[in-house]
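> Below are the structure tokens for one structure; questions will follow.
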């Protein structure tokens, strides 16, 4: 059940969303940096081969055009639709006859990944990457400043909860500016991570607290500490977040939602520290939350997703099934059961669960997505030829991913030979280095393009046309 803090956050976010102001965020520059790296390398190769003018033309053109394209390449949201702007996206959409706009009502899935960027003491600085999918279009953007926070607040506030995954829901409710969060922690008298690092073990040695009646002021304090703990967690201040959770649990030791969020925080800390003991304690906290969830079908579904994320499929399945007992038309639990069945290779169960999810979907976009998934797996189950083609595509895709990494390693392996050959004036060594790196980078580029092509499922229509 959502608490007061959740409601207030959603209310503020909704007001900001419909204020009429357009927000924008630049796309991740990784692809542009890769292109600049390739251009710079082959420009150097042309200089080595004494094609100086060609090298200069290629280098200057690329370093003017690509940064300008990067500067214009951004994603905007006006409250109703997402738009991918920029020279290259518009050009590619024209050539490929593809979409660059996605209405809010057409969004089918939102997934957010947390990538560890930097670890300093007990603090971990994360980079979040959010991927939005709908009607065959995928739009992705990454964190890096206030523009990401504004985009999350405005966009996620108008999306149905069933579209958002666990981490996206957490970002919607608790994402904040790190400096402001630390200021709140100071006002709440939460010690720094240096002080808390020595007291973390004592946190788990405390005796179980009995539930008691608390005053209205203590209730508000517990809710505030819960909000603060989650903000600290998403900002990467795990030790301070755990301390805030500890204080909140003293006031509300049997709050199932509080235990659930504490468990996710502890599991993230365990992953950062690579400590199996804390992972086990996090799973134990999840089980305690499940025990105290009662008939809260929403929490049980979220618990199932967390078990699934932690790799405990058996517990995840039980949580999803228990969620259905209390809330029969639970889209998240049925979708979770479909994912577990897919992991176990039970295609017939996958079809059944996605068909049920189609009936429980509360938006047109979710009905379209679940219907598409049900049709896809039905075709796999009934058409051996299509299944063979899809298995071949997936296997080839995995091979391309591995080969791409190998090609890049080989390319870097040739760089020392190039430098040694140039410095020592050993032409043979330099030529070998240039040949190895050039061929490897060309292969890497080809594999990259092939991977993008094979990422899409094979359309049913292609087989139907061949049969005709």
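What follows draws every value from the coordinates through simple rules; no lab data is involved. Only a predicted model underlies this, so the values are computations on that prediction, with no experimental measurement involved. Note that each Cβ is placed from the backbone with ideal geometry, even for glycine, and that neighbours are counted across all protein chains shown.
> With a ≥ b ≥ c taken as the square roots of the eigenvalues of the C-alpha gyration tensor of region 227-293, please select rounded if a/c is under 1.5 and otherwise prolate if a/b is larger than b/c or oblate if it is not?
Details: a/c = 2.10, a/b = 1.14, b/c = 1.84.
Oblate, because a/c is 1.5 or more while a/b does not exceed b/c.
> When 1/r is averaged over all different Cα pairs and the result inverted, which Kirkwood radius in Å belongs to the chain?
On the way: mean 1/r = 0.0393 Å⁻¹.
It works out to 25.4 Å.
> Which of rounded, prolate, oblate describes region 68-141, given a ≥ b ≥ c as roots of the alpha-carbon gyration tensor eigenvalues and a/c under 1.5 marking rounded, otherwise prolate only if a/b is larger than b/c? Don't skip to the answer; put the middle values down first.
On the way: a/c = 2.70, a/b = 1.71, b/c = 1.58.
It comes out prolate by the Cα gyration axes.
> Also: Could you work out how much longer the chain between residue 48 and residue 460 gets when fully extended? Use 0.36 nm per residue separation minus the Cα distance between them, nm to one decimal. Don't jump to the answer; show the numbers that get you there.
On the way: separation 412, 0.36 × 412 = 148.32 nm, distance 4.96 nm.
So the extension gain works out to 143.4 nm.
> In what sequence, highest mean first, do 49-55, 440-446, 92-98 appear when ranked by Cβ atoms within 10 angstrom?
On the way: 49-55: 11.9, 440-446: 17.1, 92-98: 10.3.
Order by mean packing, descending: 440-446, 49-55, 92-98.
> Sticking with this one: Can you give the calculated 222 nm mean residue ellipticity of the chain, where each DSSP H run of n ≥ 4 adds -39,500 (n - 2.57) and the sum is split over every residue, rounded to the nearest 500 deg cm²/dmol?
Numbers: 21 runs with 320 residues, N = 468.
About -22500 deg cm²/dmol.
> For residue 420 and residue 95, what does the FRET efficiency come to when R0 = 45 Å and r is the distance between their Cβ atoms, rounded to the nearest 0.05?
Working: r = 43 Å, r/R0 = 0.95.
After rounding to 0.05, the efficiency reads 0.55.
> Please give the contour-minus-distance gain from residue 147 to residue 413: 0.36 nm per residue of separation, less the Cα-Cα distance, rounded to one decimal in nm.
Details: separation 266, 0.36 × 266 = 95.76 nm, distance 3.84 nm.
Full extension from residue 147 to residue 413 adds 91.9 nm.
> Which value in nm describes the separation of the simple spin-label points at residue 131 and residue 362, placed 7 Å from the Cα toward the beta carbon?
Once both label points are built, they end up 2.6 nm from each other.
> Order 228-235, 402-409, 318-325 from most to least packed using the mean count of other Cβ atoms within 10 Å. If you can, show how the numbers build up before the last one.
Working: 228-235: 25.9, 402-409: 14.8, 318-325: 20.2.
Ranking the peptides 228-235, 402-409, 318-325 by packing returns 228-235, 318-325, 402-409.
> Give me the log10 of I(q) over I(0) for region 178-384 at q = 0.09, 0.15, 0.19 Å⁻¹, as the Debye formula computes it from C-alpha points; what are the numbers?
Values, matching the q order: -0.43, -0.96, -1.25.
> Mind grabbing the base-10 log of I(q)/I(0) for region 389-467 at q = 0.15, 0.17, 0.18, 0.28 Å⁻¹? Debye formula, identical points on the C-alpha positions, no solvent, two decimal places.
Calculated log10 I(q)/I(0) at the listed q: -0.62, -0.70, -0.75, -1.14.
> Efficiency by 1/(1 + (r/R0)^6): what FRET value for residue 277 and residue 435, r their Cβ-Cβ distance, R0 = 51 Å, to the nearest 0.05? Before the final figure, lay out each step's value.
Details: r = 51 Å, r/R0 = 1.00.
That pair, residue 277 with residue 435, gives E of 0.50.
> Using Cα centres only, tell me the gap between region 299-328 and region 73-108 in whole Å.
A separation of 35 Å, based on Cα centres.
> Next question. Using 0.36 nm times the number of residues separating residue 448 and residue 28, minus their current alpha carbon distance, what extension gain do you get? Can you show the working numbers first?
Details: separation 420, 0.36 × 420 = 151.20 nm, distance 1.69 nm.
Between residue 448 and residue 28, full extension yields 149.5 nm more.
> Okay, next question. Take the Cβ-Cβ distance between residue 385 and residue 342 as r, set R0 to 30 Å, and report the resulting FRET efficiency rounded to the nearest 0.05.
Working: r = 21 Å, r/R0 = 0.69.
For R0 = 30 Å, the calculated efficiency reads 0.90.
> Mind checking the angle between helix 87-96 and the chain's longest principal axis? C-alpha axes, 0 to 90 degrees, to the nearest 10.
80
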